[in-house]
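Enquirer: First the structure, then my questions, so here it is.
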Amino acid sequence: MSINHALRTIDVIRCAGKAAHTYRTAQHAVRAAHDEHSAAQAQLHHWNAHIHATRGADRASPGRSALRAAIHDRQEAEHKVRKAEARLQRAAATAQAFRPALNRYPTERLRRRATTVLLDRLADHPVDLIRAADLIIIQTSSGKDSLVAMHRTVAAAKAAGCLHKVRVMHCDLGSEWPGVPQLARRQAERYGIPFLLVTPDGGFLGMVENRQMWPDAQRRLCTSTLKRDPTGPVITTWVAELGLDRQAIVLNVMGVRGAESASRALKARLALDPRTTSANRLVLTWNIIHELSEQDVWKDIADNGLEYHPIYDTGLERLSCVYCVLAGPDWLILATRVCFALELSHPETFAALERRINHSFKQGVTLNAIIAAARMLDALDGPITWRRGDALRRHLGPAAADQYLATLTC
Ligand code: SF4
């Protein structure tokens, strides 16, 4: 099966799934409307019989007003039945259009399985996949994983002769470590690819202030509302700029690695993004470095002289918001000590917000307690220090770090 055929099949299966769902929902609506109609009809019969039995009842009797209400209910129910039946007809016509796919993949399980198999095959041929794509978006946090994901995507795009399809997007929440957006831009400029900086209204702190609550692992609004939601309109604009008269194939590259967590291990290398896919674009999330270990990532950075953010040299292993709601207390204490060393105002700003909204940063952990613990450790051990290249020294040894620093200087 050719790449284009596989992509087309994935979309047909997606549409078949949607058609089956719409048809089922319409069937439910028809059944519900018929039930409502029968109930209204029964009421009408009841009041008709009542009025008939009490012939002498005057016009203002309760029986007559109940009859009028029943007539009205029946009319409403008839209207609902007509609407639901029209909806069912439309859904049936759509399902009919996808009948071959529905016959072949009749259940949701089969459709999901077939899509997974096809996507897995596509992920094995990155260069062909890039050739088939119309647009390749790299969503970068400018952290180490995004950096390597970008490098590998660019290498594959160059091999395919398709570097012109690649664009980079970075979402600035205003709560990251200093220099993050600038670094994201430099990382894109290194390859000469267009860069877009997205700054959601209010950023991270604005969102917390509005909600009077910090996000948490269950309600990660910082990633869903602030990072994921702005992606849709950007894709819409970029796809429109392509001016295609057919469905565009969009690859959305992310620096997600399976080794990072159990939930990330379950993610596929290539997955259909049903939220942003539509009739005019098929969007695939491409976790291009899903199989790499942390060591692999640092090796790629060292071997290719890629510029990583100095925050990794402090011992913090993720380039996140200065205070990340998913981080544990040790991480938060270290982040606070780094803020002290860099004379950043984040500890006071975040702690003041915590007091204002009267909601602790993490369940059972206040930033006041974190800051106090960081102060105590600084008093005991002195301020923390680090040197450029310490992240590489930790992961690959001093020789690799020295070589990297020499490359970077060049
Ligand atoms: S780094 Fe943490 S706090 Fe910041 S957006 Fe991501 S999950 Fe939310």
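Enquirer: If a residue has to be modelled with pLDDT of 95 or more and out of contact with any Leu (no Cβ under 8 Å at 6 or more places or on another chain) to count, how many in the range 298-318 make the cut?
Expert: 4
Enquirer: Considering only residues that are within 16 Å of the ligand (Cβ to nearest atom) and not charged (D, E, K, R), look in the range 104-146 and name the one that is nearest to residue 292 (Cα to Cα).
Expert: Per the stated criteria, the residue is 146.
Matching residues to (1) within 16 Å of the ligand (Cβ to nearest atom); (2) among the β-branched types (Val, Ile, Thr); (3) in a helix (DSSP H, G or I):
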residue: 274; (1), (2), (3): no, no, no
residue: 296; (1), (2), (3): no, no, yes
residue: 319; (1), (2), (3): yes, no, no
residue: 326; (1), (2), (3): yes, no, no
residue: 332; (1), (2), (3): yes, no, yes
residue: 341; (1), (2), (3): no, no, yes
residue: 355; (1), (2), (3): no, no, yes
residue: 360; (1), (2), (3): yes, no, no
residue: 368; (1), (2), (3): no, no, yes
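Enquirer: Mind counting the residues in the range 218-255 that are at pLDDT 95 or above, within 16 Å of the ligand (Cβ to nearest atom) and over 18 Å from residue 274 (Cα atoms)?
Expert: 1
Enquirer: Same structure again: What is the number of the single condition among (1) in a loop (DSSP other than H, G, I, E, B); (2) modelled with pLDDT under 95 that residue 192 does not meet?
Expert: Only one criterion in (1) in a loop (DSSP other than H, G, I, E, B); (2) modelled with pLDDT under 95 is unmet by residue 192, namely (2).
Enquirer: Which of the residues that make up the range 178-195 are surrounded by fewer than 16 Cβ atoms within 10 Å (Cβ to Cβ) and touching a Lys or Arg at 6+ places or on another chain (Cβ under 8 Å)?
Expert: 194, the sole residue that qualifies.
Enquirer: Among the numbered criteria (1) in a loop (DSSP other than H, G, I, E, B); (2) more than 23 Å from residue 208 (Cβ to Cβ); (3) free of Cβ contacts under 8 Å to residues at least 40 places away in the same chain, which single criterion is violated by residue 303?
Expert: Against the list (1) in a loop (DSSP other than H, G, I, E, B); (2) more than 23 Å from residue 208 (Cβ to Cβ); (3) free of Cβ contacts under 8 Å to residues at least 40 places away in the same chain, residue 303 comes up short only on (1).
Enquirer: Can you tell me which residue among 112, 74, 14, 104 is basic (Lys, Arg), crowded, with 18+ Cβ neighbours inside 10 Å and under 31 Å from the mean Cα position of the chain (by Cα)?
Expert: Exactly one of 112, 74, 14, 104 is basic (Lys, Arg), crowded, with 18+ Cβ neighbours inside 10 Å and under 31 Å from the mean Cα position of the chain (by Cα), namely 14.
Enquirer: Among the residues of the range 166-183, what is the count of those that are out of contact with any Asp or Glu (no Cβ under 8 Å at 6 or more places or on another chain) and closer than 16 Å to residue 234 by Cβ?
Expert: So the answer is 8.
Enquirer: Considering 336, 385, which residue is among the β-branched types (Val, Ile, Thr) and surrounded by 15 or more Cβ atoms within 10 Å (Cβ to Cβ)?
Expert: Unique residue meeting the criteria: 336.
Enquirer: Now a separate question. Looking only at the range 162-189, count how many residues are more than 16 Å from the ligand (Cβ to nearest atom), in contact with a helix residue (DSSP H, G or I) (Cβ under 9 Å, 6 or more places away or on another chain) and either under 22 Å from residue 320 (Cα atoms) or in contact (Cβ under 8 Å) with a residue 24 or more places away in the chain (or both).
Expert: 8
Enquirer: Something else about it: Exactly one condition in (1) at pLDDT 95 or above; (2) closer than 26 Å to residue 132 by Cα; (3) aliphatic (A, V, I, L, M) is not met by residue 279; state its number.
Expert: Residue 279 satisfies every listed condition except (1).
Enquirer: Then there's this: From (1) farther than 16 Å from residue 99 by Cβ; (2) among the polar types (S, T, N, Q); (3) surrounded by 15 or more Cβ atoms within 10 Å (Cβ to Cβ), pick out the condition that doesn't hold for residue 22.
Expert: Tallying (1) farther than 16 Å from residue 99 by Cβ; (2) among the polar types (S, T, N, Q); (3) surrounded by 15 or more Cβ atoms within 10 Å (Cβ to Cβ), residue 22 fails exactly one: (1).
Enquirer: Can you go through 379, 400, 373 and tell me which one is assigned to a helix (DSSP H, G or I) and in contact with a Ser or Thr (Cβ under 9 Å, 6 or more places away or on another chain)?
Expert: 373
The values are calculated or read from the model by the stated rules, or taken from the named source; none is laboratory data. Bear in mind that the values here come from a model prediction, so they are computed numbers and not experimental data. Because the Cβ atoms are built from the backbone with ideal geometry, glycine has one as well, and the counts that use them run over all protein chains shown.
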